[in-house]
Amino acid sequence: MDIHMGDIVRLRKPHPCGGYEWRVMRVGADIGLKCQTCGRVVMLPRGEFERRLKAIVSRWPDNKPASL
Ligand SMILES: [Zn+2]
C-alpha cells in the first residue's frame with residue numbers, strides 16, 4: 001500500500017456527514033484520516049483502511065494548500 005501523509009483518498013462508504021474524501025494525517029500501524037467535508041479526524045487500523053479504500057484522489061504535494 002503506497003500511501004503517504006497529505007494524500008487525499010476516497011473510501012467506499014461516505015462519512016455520516018456525506019463526505020467521501022479524506023486527507024491522510026498519519027501513517028503507521030493506524031492510519032489517521034481527516035474528513036475533507038466536516039473536518040472530523042478518525043483513526044483506522046491499516047488493514048481496515050486498505051479494505052475501505054476505493055481510490056487515491058490526489059498526491060501530496062500536488063494538492064498542497066496555498067496557505068502552507
Ligand atoms: Zn465528515
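Computed from the coordinates by the stated procedures, all read-outs in this text should not be read as laboratory data. Bear in mind the structure is a predicted one, so any value in this text is a computation, not a measurement. Quick reminder, even Gly has a Cβ in these numbers, built from the backbone with ideal geometry, and neighbours come from all protein chains shown.
Rounded to the nearest 500, the helix-only mean residue ellipticity at 222 nm of the chain stands at -2500 deg cm²/dmol, with each DSSP H run of n ≥ 4 adding -39,500 (n - 2.57).
Dipole magnitude for the chain: computed about the Cα centre from +1 point charges on Lys and Arg Cβ and -1 point charges on Asp and Glu Cβ, it is near 180 debye. Of all aspartates and glutamates in the structure, those lying under 19 Å Cα to Cα from residue 54, and not within fewer than 8 positions of it along the same chain, are 2, 7, 21, 30. Under a straight-distance cross-link criterion of Cα-Cα below 19 Å, which lysines are reachable from residue 64, leaving out those fewer than 8 residues away in the same chain? Here the lysines satisfying the reach criterion relative to residue 64 are 34. Remark on residue 36: its backbone amide H falls under 5 Å from those of 21, 22, 23, a criterion applied only to residues 5 or more positions apart or on other chains, H modelled at 1.01 Å from N. For the chain, the Stokes-Einstein estimate of translational diffusion at 10 °C and a viscosity of 1.306 mPa s comes to 133 µm²/s, using the Kirkwood hydrodynamic radius over alpha-carbon pairs.
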